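The values are calculated or read from the model by the stated rules, or taken from the named source; none is laboratory data. For clarity, every value in this text was computed on a predicted model and none was experimentally measured. Glycine also receives a Cβ, built like all others from the backbone with ideal geometry; neighbour counts cover every protein chain displayed.
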């Protein structure tokens with residue numbers, strides 16, 4: 001082993017002693033504030049009005065070896081605010097310490113305390129100023145006085161000695177909270193369901209109303225828009241015309257709601273604009289079913305989407321959507337209107353030598369089944385009177401008038417009327433609603449016996 005000179009050994013001892021003295025020259029006096037969920041910020045996350053009170057726990061740890069009493073305080077450095085200038089009310093923020101989470105000192109906020117401007121005392125150590133740890137709970141309460149938006153603020157925690165010359169220690173944390181505007185706007189049907197249901201078959205379903213309730217002001221002017229992403233469509237692939245359903249608003253107290261009936265549209269439609277300050281309001285949008293006689297039978301569905309627009313259109317977010325269902329029931333009717341006000345095809349007071357008699361009948365078919373159909377005539381007997389005398393069928397003829405019809409008449413200009421079935425009319429391939437006329441004509445035989453003559457005829461509407 002090499003020998004170290006006395007001079008070198010003396011220098012080493014001096015340096016070691018100097019290092020030991022330096023370490024003891026600095027007293028331990030520190031503060032840490034740690035969120036229970038980790039990280040370095042107080043993050044309340046996305047908060048809706050229906051969330052109730054949101055709590056966030058913080059662990060506060062003090063290390064001290066100065067043997068002097070100390071205290072911990074907090075102070076809001078900057079209020080929670082949005083980039084648009086909305087301020088989160090301090091009255092909706094509070095703090096309290098969990099009793100028993102500290103070991104030595106006194107929690108000065110064992111009761112829930114509203115955050116205030118300026119310094120607020122949180123904790124005071126025992127007289128010996130020993131190390132301690134305690135838990136704080138910060139609560140955020142959304143309410144009608146809170147405008148939606150993304151909020152950020154800063155809070156400082158201050159550790160300071162009592163009757164000691166040590167410098168105070170400050171820890172700064174950011175606070176974040178996002179208030180969801182959708183939770184401030186409630187959209188429901190008046191019936192309480194999630195469907196806007198319409199049908200011409202029942203009086204109570206010819207209209208359906210949606211209630212929109214803005215709970216609390218939004219702090220700035222806003223608009224509520226509506227759009228239908230796709231045309232009302234049935235399972236068979238048929239589409240309902242846009243103008244089959246119209247909407248109109250009512251009931252707004254401070255804003256303006258759509259006042260004229262408008263048809264649905266795939267493009268966003270403004271249904272409400274708030275007051276300049278975006279105050280709370282409520283209104284009703286009523287959806288009505290227009291004439292759907294020309295629309296095919298089926299159960300048509302789509303969705304009605306509602307959007308919130310703020311900052312002059314710079315920000316648009318979807319609030320909600322409701323199902324819209326239109327039940328168009330099957331219609332397959334034949335209406336027959338005789339020229340005779342009695343509603344009968346009858347030839348009265350016939351006498352030999354009279355001019356031919358004519359009687360006209362109008363046929364109207366109303367159908368939405370989307371399939372072709374035909375109209376059939378069934379003649380039960382020859383024209384007879386009460387005594388049983390009859391007129392031969394060769395004197396009884398009919399002709400048709402299909403002017404404006406989409407379908408085709410199946411009888412000639414003038415054909416003899418025969419007993420049994422005769423096809424009168426066939427629709428177009430789509431089975432469109434249609435109408436036509438028949439003219440019945442009777443040539444009076446020279447040997448006819450005077451009297452009233454009639455026959456029984458039925459008409460049937462049949463799908464092909």
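Before moving on, here are some points about what is shown:
- Failed item in (1) surrounded by fewer than 16 Cβ atoms within 10 Å (Cβ to Cβ); (2) touching a helix residue (DSSP H, G or I) at 6+ places or on another chain (Cβ under 7 Å), with residue 264 passing the rest: (1)
- Only a single item in (1) at negative phi; (2) in a loop (DSSP other than H, G, I, E, B) is not met by residue 211, and it is number (2).
For (1) over 27 Å from residue 241 (Cβ atoms); (2) at pLDDT 90 or above, each residue gets a yes or a no:
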| site | (1), (2) |
| --- | --- |
| 335 | no, yes |
| 358 | yes, no |
| 364 | no, yes |
| 367 | no, yes |
| 400 | yes, yes |
| 407 | no, yes |
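- Within the stretch 149-177, the set of residues being closer than 13 Å to residue 81 by Cβ and crowded, with 17+ Cβ neighbours inside 10 Å comprises 149, 151, 152, 153, 175, 177.
- Meets criteria (more than 30 Å from residue 29 (Cβ to Cβ), touching a residue at least 12 places away in the same chain (Cβ under 8 Å) and outside any loop (DSSP other than H, G, I, E, B)) for residue 186: yes
- Residue 364 being within 30 Å of residue 289 (Cβ to Cβ) and not assigned by TED's automatic domain parsing to the domain that holds residue 196: yes
- Some residue of the stretch 190-203 being more than 27 Å from residue 328 (Cα to Cα) and under 16 Å from the mean Cα position of the chain (by Cα): no
- When we screen 103, 71 for residues that are in contact (Cβ under 8 Å) with a residue 12 or more places away in the chain, touching a strand residue (DSSP E or B) at 6+ places or on another chain (Cβ under 9 Å) and surrounded by 19 or more Cβ atoms within 10 Å (Cβ to Cβ), the only hit is 71.
- The listed residue being surrounded by 15 or more Cβ atoms within 10 Å (Cβ to Cβ) and not in a helix (DSSP H, G or I), out of 192, 217: 217
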